[in-house]
Amino acid sequence: MKFQIKILALLILSTFSLKSFSQAPVKLNAAEIKQALNKLEVLGSVLYVAAHPDDENTRLIGYMANEKNLRTAYMAMTRGDGGQNLVGTEIREYLGIIRTQELLAARRRDGGEQFFTRTNDFGFSKNPDETFNTWDKDDALADVVWNVRRFRPDIMITRFDSARVPGGRMHGHHTASSLLAIEAFDLANDPNAYPEQLKYVEPWQPKGLYWNTYNFRGNNSGSFSDQEGYYELDLGAYNPLLGKSYDEISAISRSQHKSQGFGSTGNRGELREYLKLWKGEAPKNDVFEKIDQTWSRVKGGEAIGKLISQANQAYNLENPAAIVPTLLQARSAIVNLKDEYWKNVKLKELDLVIKSAMGLYLEVAATTYSAVPGEMVPIYYEAINRSDVNAKILSIEIPSIKKTIRIDKSLVNNKRLRANDSIRITPDMEYSQPFWLVDEASLGMYQVNDQELIGLAENPGMITAHFKLEIDGKPYEYATDLVYKRNDRVKGEFYRPFVITPPVMADIKESVLVFPNNEPKTVNVVVKSGRTNVKGAVRLNLPAGWKSNPAFVSYDLKEKNQEFSAEFSVLPPSNPEEAYIGVQATYNGKSYDRGLKVIEYDHIPIQTIFPKSNTKVVRAEINRSNQYVGYIMGSGDAIPESLEQVGYTVTVLDPNNITAENLEPFDAVIVGVRAYNTIERMSVIQPRLMEYVKTGGTVITQYNTSMRNQPDIGPYPFQISRDRVTVEEAPVTILAPDHPIINGPNKITQKDFEGWVQERGLYFPNRWDDKYTPILSSNDPGETPKNGGLLVAEYGEGHFVYTGYSWFRELPAGVPGAFRIFTNMISLGKERPKNTALKSVETDNK
């Protein structure tokens, strides 16, 4: 019995596609109901395994979920924390949150579900050995086994080959994901492997493990259909109920990966891909031919299968509700099944079909998007039945706060029931924090101690309402999370996840504070109220040797979500040092040390996080000779803010308003990461940048990928390669010790390459004109030197710099040496005369 209770909870959490977390209620149209009925007749499952967000084959997932009607999931090893961000400036764990939500958005389009492991995307690695040196391999393997046991796939499919590719041409995370899948295939059915998991799940043996051999160029070259062990799929098939081919569905799904710039256009027509058998008994023609996918696989399921088939055959697009009595008979039989796994999977699917066929709308919404523990929250609920099927709503139960709303009213066709109520948030309810960020992570692994949370894409709803109804006299239940909803004048109906917040939040807005000398700096702390009438004091928690004036500042916030700014003058120690400053706000006799981070983009639900108020402070000797910098933002980074930390005046330039004249006032113009990949107008801007250099300016262009590469990025030709140095501790050799970048205004030594994060750099040029001077050289262990990471050329009276070193990571992380080298790059050449044009540029770009 204990096992059944646990597996029930897990299935409710993992059946993502049937419960839309913090979204509008799922409402299937008539064609989608037919698609769901087809799926109800099939009992089978597929688990797709790869490493990162965007690695999944959305075409195959859409095909398996909607053509084969199988329960289909993608297990990504990581959340993509180590990548770049094309939609904003978030990196690391905040980028991981964005990419998690993008994966969930993708699964809503292609019909799959989403799972993860605890592994952290620490950046590119060139082989699986390097990957496993950072990931805890045993924990990673345990998580793959856990997901297999919980999801119980009939077959597993990997995206990547398990073969080791020499020369670092394959991402080590990719290969590692396949190696782990191979081991998990055997271990998942071994009760001696990770026996602590068997408190919640049972051993499980998939029938087959396959490699998806599709080539990434998207064509049909290299047919494997005549080779033994390969099975062909036509993923270009058309689904008339959804009105799209699976490649068109795939394009919509893949286009949700907006932070990676993976917008896709769908194709039509045949498209062959192949599965190669790695493990399991070889089928003759079809990978599922030896797997029973009917209700007969479940004891007592044949009668259920007949009822669902009867309803499916009788389904009328113009009168979906006519089959509800038959579906209710099937529901009663499913409730009595002994097989807890298929019972709960199919019960969730069936309940959505019944709800959709009747036009049932069931929702509980709060009048505010946040509350603090112990607070009363006004809510309202709505229920409507838009069919002639007899329905009665008995109650709404909210177990997490021990609340029951008694209703006991009939739902007459198209007569809306809407009423106000209130709930009290329990005093012990935890804040809404992504579960994998609650405890401090290591470089390679997130720490999650609750076994039932491991693998989930996001937190289960903290406040879930269970609607209890009778339909045609039979019990029916539907669960939905408490949401916040309002009308937006532009967007219309707008949903936001309901969150539990601290009563007061306080933090320093900058994630890093850099003190280039021993002068004090004003530090601004923002205090925000999570409820009405919050007052107390806010202070800085300083490491030894750092001083603050005043010691504390009192605050008094009358309104919820009101903000107060407190200023502290912070004096650093005289010697170089790296440390952390905390912020503490007192209220009602307690201290609170969390800040507030809101991630808001149109393509994902708003994400609200309460990180520990812990800001890195760096006291370093950083000299600069120039003042005014123009910045052309590429894919998004925080370098402008970082440069302002050390005293520069930075103007972010509008690509649509860059002329030779308005570049003139700047000492240097910096081109952000991947600007040539993301800004169409760079071909227009480029000649103006070169003219600026020719007349004495300095242009610093940061890394671009070789895709869509402009051949004339610099004044002289160079070729961008895929060369990169992934080991952040890799030795760096100074190739041009007499060059100004090395000698002033900061003298660069080996110490300046200490403490770097994630990597040295990426997409280094591997060929360049003789007019360029390579400044630095570095390479990963066992590889040849990569000399193209920092190239400088004189052109006319000025200087052009191209650099693949990862300043966009190092400066926001407060790496002192990175700041010293970067200021030297800005300081190249003579100081330019200032004129009144600067004021006009700043005004135009505000």
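Out of D507, D556, one residue alone is surrounded by fewer than 16 Cβ atoms within 10 Å (Cβ to Cβ), within 29 Å of P427 (Cα to Cα) and not basic (K, R). It is D556.
Could you list all residues from segment 239-263 that are over 15 Å from G80 (Cα atoms), of a type in the set (G, A, S) and part of a helix (DSSP H, G or I)? The answer is S250, A251, S253. Of the residues in segment 126-147, at least one is assigned by TED's automatic domain parsing to the domain that holds G80, under 18 Å from V345 (Cβ atoms) and not hydrophobic (A, V, I, L, M, F, W, C). Of note, D780 satisfies the criterion of being on the phi < 0 side of the Ramachandran plot and under 33 Å from the mean Cα position of the chain (by Cα).
Screening R760 with (1) within 12 Å of K786 (Cβ to Cβ); (2) over 34 Å from the mean Cα position of the chain (by Cα) gives one miss only, at (2). For segment 263-295, filtered to residues that are charged (D, E, K, R) and touching a Ser or Thr at 6+ places or on another chain (Cβ under 9 Å), the residue that is surrounded by the most Cβ atoms within 10 Å (Cβ to Cβ) is E273. What do you reckon, is E318 farther than 13 Å from V353 by Cα and assigned by TED's automatic domain parsing to the domain that holds P206? No; evaluated as a whole, the condition is false for this residue.
Here are some residues: V298, V345. Which one is surrounded by fewer than 22 Cβ atoms within 10 Å (Cβ to Cβ), in contact with a Phe, Trp or Tyr (Cβ under 9 Å, 6 or more places away or on another chain), farther than 23 Å from K415 by Cα and touching a residue at least 24 places away in the same chain (Cβ under 8 Å)? After ruling out the rest, the residue left standing is V298. Out of Y214, Y210, one residue alone is modelled with pLDDT of 95 or more, buried (at least 18 other Cβ atoms within 10 Å of the Cβ) and either farther than 20 Å from A142 by Cβ or not assigned by TED's automatic domain parsing to the domain that holds F288 (or both). It is Y210. At least 3 residues being closer than 28 Å to K771 by Cα is the threshold, and among the helices (runs of 4 or more DSSP H) wholly inside segment 635-736 those reaching it are 660-663, 675-678, 682-694.
Selection of segment 442-461 for residues being of a type in the set (A, V, I, L, M, F, W, C) and buried (at least 17 other Cβ atoms within 10 Å of the Cβ) yields M445, V448, I454, L456, A457.
Annotation for segment 552-571: at least one member residue is outside any strand (DSSP E or B), on the phi < 0 side of the Ramachandran plot and free of Cβ contacts under 8 Å to residues at least 24 places away in the same chain.
Filter segment 422-437 for residues that are part of a strand (DSSP E or B) and surrounded by 14 or more Cβ atoms within 10 Å (Cβ to Cβ) and give the result. Correct list: I423, R424. What pairs can you find where one residue is in segment 252-271 and at positive phi, the other is part of a loop (DSSP other than H, G, I, E, B) and modelled with pLDDT of 85 or more, and their Cβ atoms are less than 6 Å apart, with a gap of 6+ or different chains? Cβ pairs passing all conditions: G269/G236.
Here Y63, Y74 are screened, and the one residue that is of a type in the set (F, W, Y) and closer than 17 Å to H257 by Cβ is Y74. Scanning segment 616-629 for residues that are within 17 Å of F808 (Cβ to Cβ), of a type outside the set (V, I, T) and surrounded by 20 or more Cβ atoms within 10 Å (Cβ to Cβ) gives no hits. When A818, A813 are checked against the criterion of being within 16 Å of Q645 (Cβ to Cβ), among the aliphatic types (A, V, I, L, M), touching a Lys or Arg at 6+ places or on another chain (Cβ under 9 Å) and modelled with pLDDT under 95, A813 stands alone in meeting it. Applying the criterion of being β-branched (V, I, T) and under 21 Å from T701 (Cα atoms) to the residues of segment 722-757, the residue that is nearest to the chain's Cα centre (by Cα) is V757.
Would you be able to say whether some residue in segment 401-417 is assigned to a helix (DSSP H, G or I) and touching a residue at least 40 places away in the same chain (Cβ under 8 Å)? Yes: one or more hits.
The one condition from (1) of a type outside the set (V, I, T); (2) modelled with pLDDT of 95 or more; (3) surrounded by fewer than 21 Cβ atoms within 10 Å (Cβ to Cβ); (4) out of contact with any Lys or Arg (no Cβ under 9 Å at 6 or more places or on another chain) that A793 does not meet is (4).
Among the residues examined, N533 does not qualify as surrounded by fewer than 18 Cβ atoms within 10 Å (Cβ to Cβ), out of contact with any helix residue (DSSP H, G or I) (no Cβ under 7 Å at 6 or more places or on another chain), within 21 Å of K509 (Cβ to Cβ) and modelled with pLDDT of 95 or more.
When L469 is tested against (1) within 30 Å of I396 (Cα to Cα); (2) surrounded by 17 or more Cβ atoms within 10 Å (Cβ to Cβ); (3) not assigned by TED's automatic domain parsing to the domain that holds P373, exactly one condition is not met: (3). For the residues V652, V583, V570, the requirement of being more than 30 Å from A106 (Cα to Cα) and assigned by TED's automatic domain parsing to the domain that holds P812 singles out V652. Selection of segment 438-489 for residues being among the acidic types (D, E), in a loop (DSSP other than H, G, I, E, B) and without any contact (Cβ under 8 Å) to a residue 24 or more places away in the chain yields D439, E440, D450. Across segment 586-629, the qualifying residues are those that are among the aromatic types (F, W, Y) and touching a helix residue (DSSP H, G or I) at 6+ places or on another chain (Cβ under 9 Å), and the one among them that is nearest to L104 (Cα to Cα) is Y601. Against the definition (over 21 Å from Q84 (Cβ atoms) and of a type in the set (A, V, I, L, M)), how does L762 come out, yes or no? No; evaluated as a whole, the condition is false for this residue. Taking the conditions exactly as written (within 27 Å of E810 (Cβ to Cβ), in the same structural domain as S253 (by TED's automatic domain parsing) and surrounded by fewer than 24 Cβ atoms within 10 Å (Cβ to Cβ)), does E113 satisfy them or not? It is false that E113 is within 27 Å of E810 (Cβ to Cβ), in the same structural domain as S253 (by TED's automatic domain parsing) and surrounded by fewer than 24 Cβ atoms within 10 Å (Cβ to Cβ). For first residues located in segment 325-339 and among the basic types (K, R), partners that are surrounded by 14 or more Cβ atoms within 10 Å (Cβ to Cβ) and lie 6+ apart or on another chain with Cβ distances below 6 Å form the pairs R331/L350.
When L103 is tested against (1) within 25 Å of K258 (Cα to Cα); (2) surrounded by fewer than 24 Cβ atoms within 10 Å (Cβ to Cβ), only condition (2) is not met. Of all residues in segment 230-264, those being in contact with a helix residue (DSSP H, G or I) (Cβ under 6 Å, 6 or more places away or on another chain), modelled with pLDDT of 90 or more and within 24 Å of I98 (Cα to Cα) number 7.
The values are calculated or read from the model by the stated rules, or taken from the named source; none is laboratory data. Computed from a predicted model, the values in this text were never measured in an experiment. Don't worry about glycine lacking a Cβ; one is built from the backbone with ideal geometry, like all the others, and counts go over all protein chains shown.
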